[in-house]
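The values are calculated or read from the model by the stated rules, or taken from the named source; none is laboratory data. Here the structure is a predicted model, which is why all the values come from computation and not from measurement. A quick note on method: Cβ atoms are made from the backbone with ideal geometry, for glycine too, and the neighbour counts reach across all protein chains shown. We work out accessible area using only protein heavy atoms, side chains counted, and drop any ligands, DNA or RNA first. Shrake-Rupley method; radii C 1.70, N 1.55, O 1.52, S 1.80 Å.
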Amino acid sequence: TWSLTAEYAPIKTGGLGVVPVDIQDNFVKLGIDTPTFIPMYLQKNKSEFMELPNNEYRYTYNGKTFNLRKAAETTTHVFRNGQTKPEKIEYYVTEESIPDSDKKKTLVFVKSRDYFNDNIYDSTTNAEETERFALFTKSVYKLAKLKVNMALTDPNEKNPKTGISNLKI
């Protein structure tokens, strides 16, 4: 089970951002592995993304720091100004401890330079709010499709038949 959310405390604008945290904590305590995906918002004077030595990364939002590792990178095509263009998407993973528990939860930040460089619910100079979150969900779907395809494909077959690479959805 994967969860997607626009807000995840402390990355939030109101009370809604607390709900995904509580849901994920409860799932993990029950033994259900449920990574939560959230856009990596890069707001001026509020957040910072840093590349560190040894393939480590750090994302700070509103004073909270997340130590990350890069999990994947894909390209998703977007339609802008009458033409289709590739948009680089990066996925960064961190594990956070759950309060009053010995368990950890997984957060996956979805980074797009053009789409998440402003406030959570504000349109940017490059994209309207609906387009931003359509890109976010499409990016998570694309990663899920890639992971399922990899899991179902036998690397020893020349023409794998068990993968879903040709499945149209």
What ³J(HN,Hα) values, in whole Hz, does the Karplus curve 6.51 cos²θ - 1.76 cosθ + 1.60 give for the range 85-102 when θ = phi - 60°, with x put for Gly and Pro?
9, x, 10, 6, 10, 10, 10, 10, 10, 9, 10, 10, 6, 8, x, 6, 8, 9
Which percent, to the nearest 5, of DSSP beta bridges fully inside the chain are antiparallel?
85 percent
Loop sites in the range 1-103: chymotrypsin sites (Phe, Trp or Tyr not before Pro), DSSP, at most 15 other Cβ within 10 Å
Trp2
Give me a comma-separated list of calculated 3J(HN,Hα) values for the range 35-41, in order, Karplus coefficients 6.51, -1.76, 1.60 applied at θ = phi - 60°, integers in Hz, x for any Gly or Pro.
x, 10, 9, 9, x, 8, 6
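Roughly speaking, what is the stretch gain from Tyr121 to Ala71, that is 0.36 nm per residue apart minus the C-alpha to C-alpha distance, in nm to one decimal?
15.4 nm
In Å², what does the accessible area per residue of the range 1-109 work out to with a 1.4 Å probe? Working shown, then result.
Values: 6100 Å² over 109 residues.
The answer is 56 Å² per residue.
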Only Lys, Arg (+1) and Asp, Glu (-1) charged, at Cβ; the chain dipole about Cα centre in debye:
480 debye
In what sequence, largest accessible area first, do Asp114, Asp22 appear using a 1.4 Å probe?
Asp22, Asp114
Quantify, in whole percent, the carbon and sulfur part of the accessible surface of the chain (1.4 Å probe; protein heavy atoms only).
50 percent
Taking 0.36 nm per residue of separation between Lys103 and Leu146 and subtracting their Cα-Cα distance, the length gained on full extension comes to 12.7 nm
